[in-house]
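Okay, so here's the structure we're looking at.
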Amino acid sequence: MSTVIEQAVQARIIASAPPSRTVPAQLLYERADPFAVRVTFPPAASLDGDEVEWAFARELLARGLLTPAGGGDVRVWPCGPHRTVLEFHAAEGVAMVQLDTPELRTFLARTYALVPAGGEGGHLDVDSDLAALLREA
């Protein structure tokens with residue numbers, strides 16, 4: 001069984017100027033980082049022309065499909081029955097995108113099949129992570 005789940009999605013960037021537009025995005029989940037999900041946007045979606053990746057808690061994404069969730073750099077909430085909004089806060093400003101809720105549910109189901117909720121700790125390599133931290137110190 002693969003240890004990485006990737007899923008291509010279409011993200012609608014919510015903007016007042018220039019007008020909103022749809023861009024491809026990539027959802028990613030790795031068993032080696034079991035608490036996090038990542039979403040990557042192509043260079044065309046950013047102001048500086050660089051690819052943008054955000055990592056945040058898988059649990060935040062799951063909660064945000066049902067009710068507004070988050071209070072830090074990433075916030076997620078349902079926008080009607082078929083869309084979910086992801087709001088990203090950075091020093092440069094705020095970005096908001098809409099994703100298809102059924103696609104997010106499919107992605108999350110695949111992640112839970114790989115690492116069930118509550119089983120994330122069993123996939124952490126604490127010894128290796130600690131050794132890496134000590135090497136960097």
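At a glance:
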| item | result |
| --- | --- |
| Ordering of 77-85, 44-52, 92-100 by packing [mean C-beta count within 10 Å, highest first] | 92-100, 77-85, 44-52 |
| Counted charge near Leu60, where neighbours are those whose Cβ lies closer than 11 Å (Asp, Glu -1; Lys, Arg +1) | +1 |
| Globularity index of the range 1-119, i.e. its alpha-carbon radius of gyration over 2.2 N^0.38 Å | 1.02 |
| Taking all pairs of distinct alpha-carbon atoms in the range 1-55, Kirkwood radius in angstrom | 12.3 Å |
| Radius of gyration, Dmax [the range 52-118; alpha carbons; angstrom] | 12.0, 36 |
| Calculated from backbone phi, Karplus (6.51, -1.76, 1.60) coupling profile of the range 69-78 in Hz, x at Gly/Pro | 9, x, x, x, 6, 10, 10, 9, 7, x |
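Each reported figure results from applying straightforward, stated rules to the coordinates on display, with no laboratory input. Owing to the predicted nature of the structure, the values given are computational and were not obtained by experimental measurement. Here the Cβ is made from the backbone with ideal geometry for all residues, glycine too, and neighbour counts use every protein chain on show.
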